[in-house]
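What follows is a short report on a single structure.
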Amino acid sequence: MIRRETVVALTLCTAAASALAFLSACGGSTPAEPTGPVAVSTPAPTATPHPSTLGCGQPVMPDLHNTCPKLDPQFANDVTDAIQTVIRTRPELFDFDDTLNSGPPFYKVKDHRGYTGAVINVLRSKGFCATDETEEIAVKKTNERNEQYNIWTSFGYVRMPPGAYMTTCFPAQF
C-alpha cells in the first residue's frame with residue numbers, strides 16, 4: 001500500500017521537475033544542461049472499487065425509470081421458496097397466532113425489515129441478485145431483466161407469489 005506522504009512527495013517532485021523543464025525551455029537561447037537524472041514519477045495506483053453485485057455476480061445497473069410491464073414471472077417459485085424458508089428458519093419474525101382469513105402461511109410479520117432482509121439473503125444464497133426497495137424486493141439473475149415482488153401486505157402480513165409479483169423490468173433496473 002502506498003502511503004499518502006509518498007504520493008504527496010511524488011506529486012511535488014513531478015510538479016517541480018515540470019516547472020524546471022518549462023522555465024529552462026523559456027529562459028533563453030541556450031537550454032540548461034541537466035545536472036542529474038530527471039525524476040519521473042509514476043502515478044500512484046488507486047484501487048478500483050469492485051461494483052456491488054447484490055448476490056449474483058452481475059454489476060449493479062442504473063434505474064432508467066423505464067415502464068415495467070406485468071408478465072408471467074420467471075422467479076415466482078424461487079421467491080415462494082425463499083419466503084417459506086424464512087418462515088421455517090426465522091420464526092421470531094412472525095406472529096403465528098395472527099393470520100389472514102386464508103390462513104397459513106399468511107402470518108403477521110413482526111419485523112418487516114428483518115423479514116425482507118432474510119428473504120433477500122435466502123435468494124442471494126441461491127445465486128440471485130436481490131435488493132430491498134422498501135415496499136418491494138427486486139430480483140434478477142442477469143442484467144437482462146428483473147422482477148419486482150411486494151412480499152408483505154399493507155396490513156403487515158406475508159404475501160406470496162403469484163399475488164406478490166408486481167412487474168418485470170427490461171433491462172434490469174438495479
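The values are calculated or read from the model by the stated rules, or taken from the named source; none is laboratory data. Just so you know, these numbers come straight off a predicted model, no measurement behind them. For neighbour counting, all protein chains shown are included, and Cβ atoms are generated from backbone atoms with ideal geometry for every residue, glycine included.
Remarks
- Taken together, the residues in the stretch 154-174 that are without any contact (Cβ under 8 Å) to a residue 60 or more places away in the chain and either more than 13 Å from ILE83 (Cβ to Cβ) or aromatic (Phe, Trp, Tyr) (or both) amount to 4.
- Any chance PHE170 is modelled with pLDDT of 95 or more and at negative phi: no
Condition check ((1) among the polar types (S, T, N, Q); (2) surrounded by fewer than 20 Cβ atoms within 10 Å (Cβ to Cβ)) across all residues:
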| residue | (1), (2) |
| --- | --- |
| ASN66 | yes, yes |
| GLY103 | no, yes |
| ALA118 | no, yes |
| VAL122 | no, no |
| GLU133 | no, yes |
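- Residue match in the stretch 71-94 (condition: surrounded by 15 or more Cβ atoms within 10 Å (Cβ to Cβ), in a loop (DSSP other than H, G, I, E, B), touching a residue at least 24 places away in the same chain (Cβ under 8 Å) and in contact with a helix residue (DSSP H, G or I) (Cβ under 6 Å, 6 or more places away or on another chain)): yes
- Boolean, VAL139 is within 18 Å of the chain's Cα centre (by Cα) and assigned to a helix (DSSP H, G or I): no
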